[in-house]
Each structure stands twice: as structure tokens, then as C-alpha cells.
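What follows is a short report on a single structure.
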Amino acid sequence: QAQLVETGGGLVQAGGSLRLSCATSGSVFSQYIMAWYRQAPGKQREFVAFITTGGSTNYSDSVKGRFTIYKDNAKNCMYLQMNSLKPEDTAVYYCNAVNWPNNNWGQGTQVTVSS
């Protein structure tokens, strides 16, 4: 099982920015598709963005144009830069790494956006 460690959550006002980080081992970083998901209170976990080993990215419609997913290969770290945050972005954000059949999750980090 891959170990994923998320950092960077916190409280921010609407319109502000945060950057989340997900650190893992080098073998996971080079072989797994990595992604961010989020889960708001009372709601199901939902997809936010993914990045492939080759660097291709995809985003949910709700964050497209505001969030950016990227990787730092030298640090074995994936990031989610979140700009123009809205109260509806409030959720626990989870890092995910998939290389079927292996599917790994981080512990989650809380993001709270106040209006």
C-alpha cells in the first residue's frame, strides 16, 4: 500500500487561495495516476482533478479554471493550487493514487471557505 500524506488545508475567506500538497514515495509517484477528491458534510466523495504519470490533467466542471493540479517530480509531491475559493469548496480533500488494482487514499485535509 502506498502512503500518501496531505498538508495545506485551513480556513480562508471566499475569493482567497490555498495550496494542498500530497507527498508520497518515488515509486508511487512515477507509476500511479494521482488525483484529488473532496467530501463535504453530508455528501458523497467527489472527484476534483487528476494528473497522469505523463502529466495530463483533467478537472471537474465545478473547479475548472480555478484549481490547478501539478507535480514536482524532484520532491515526489503533487499539489492542488486552489484560487478564487468559494464557500461551496468547503470539504475534506483527499489525495488518491491509483495503479489498478491498487487504490490508495490519504488521511484527508480540511478546507473551510468562509463567506
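Can you pull the Rg over Rh of the chain, Cα-only, Kirkwood? Mind showing how you got there, number by number?
Working: Rg = 13.3 Å, Rh = 14.0 Å.
Taking Rh as the inverse mean 1/r over Cα pairs, Rg/Rh reads 0.95.
Positive-end ranking of 28, 77, 47 along the dipole of the stretch 25-77, with charges on Cβ about the Cα centre, is headed by 47. Here the Gaussian network model covers the chain, with springs between Cα atoms less than 10 Å apart; of 60, 17, 27, 27 fluctuates the most. Computed from the Cβ-Cβ distance with R0 of 22 Å, the FRET efficiency linking residue 110 to residue 70 stands at 0.50.
In this Cβ point-charge picture (+1 for Lys and Arg, -1 for Asp and Glu), the stretch 34-73 has a dipole of about 120 debye about its Cα centre.
Here's how it looks for residue 58: its modeled amide H is under 5 Å from those of 50, which are all 5 or more places away or on a different chain.
Note that the stretch 18-29 has calculated 3J(HN,Hα) couplings of 9, 10, 9, 10, 9, 9, 8, 7, x, 5, 5, 4 Hz, one per residue in order, obtained from phi through the Karplus relation 6.51 cos²θ - 1.76 cosθ + 1.60 (θ = phi - 60°); glycine and proline are x.
Note down the magnitude of the dipole of the stretch 1-97 about its Cα centre, charges +1 on Lys and Arg C-beta and -1 on Asp and Glu C-beta and zero elsewhere, to the nearest 20 debye.
Values: 9 positive and 6 negative charges, 10 e Å.
The dipole of the stretch 1-97 has a size of about 60 debye.
Between the amide H of residue 77 and those of 72, distances stay under 5 Å, these residues lying 5 or more places away or on another chain, with hydrogens modeled in the peptide plane.
Which loop chymotrypsin sites (Phe, Trp or Tyr not before Pro) in the stretch 62-115, with loop taken from DSSP, have no more than 15 other Cβ atoms within 10 angstrom of their Cβ? Intermediate values should be presented prior to the final figure.
On the way: sites: 67, 70, 79, 93, 94, 105; in loops: none.
Filter output for the stretch 62-115: empty list.
A Cβ-based charge dipole, computed about the Cα centre of the stretch 41-115 with Lys and Arg at +1 and Asp and Glu at -1, lands at about 60 debye.
A simple rule links phi to the HN-Hα coupling: the Karplus curve 6.51 cos²θ - 1.76 cosθ + 1.60 with θ = phi - 60°, which for the stretch 71-82 gives 10, 10, 4, 5, 9, 6, 9, 10, 10, 10, 8, 10 Hz, with x for Gly and Pro. Using a 4.7 Å Cβ-Cβ cutoff, the cysteines of the chain lacking any partner cysteine are 77.
Counting other C-beta atoms within 10 Å, and keeping those with at most 16, which DSSP coil trypsin sites (Lys or Arg not before Pro) do you find in the stretch 9-53? Can you show the working numbers first?
Values: sites: 19, 38, 43, 45; in loops: 43, 45.
Those that pass, being in a loop and sparsely packed, are 43, 45.
Note: the stretch 42-82, Cα convex hull, 92 Å³ per residue.
Bear in mind these aren't lab numbers, they're just calculated from the coordinates by the rules spelled out. Predicted model, so just to flag it, every value in this text is computed and none were measured. Note that each Cβ is placed from the backbone with ideal geometry, even for glycine, and that neighbours are counted across all protein chains shown.
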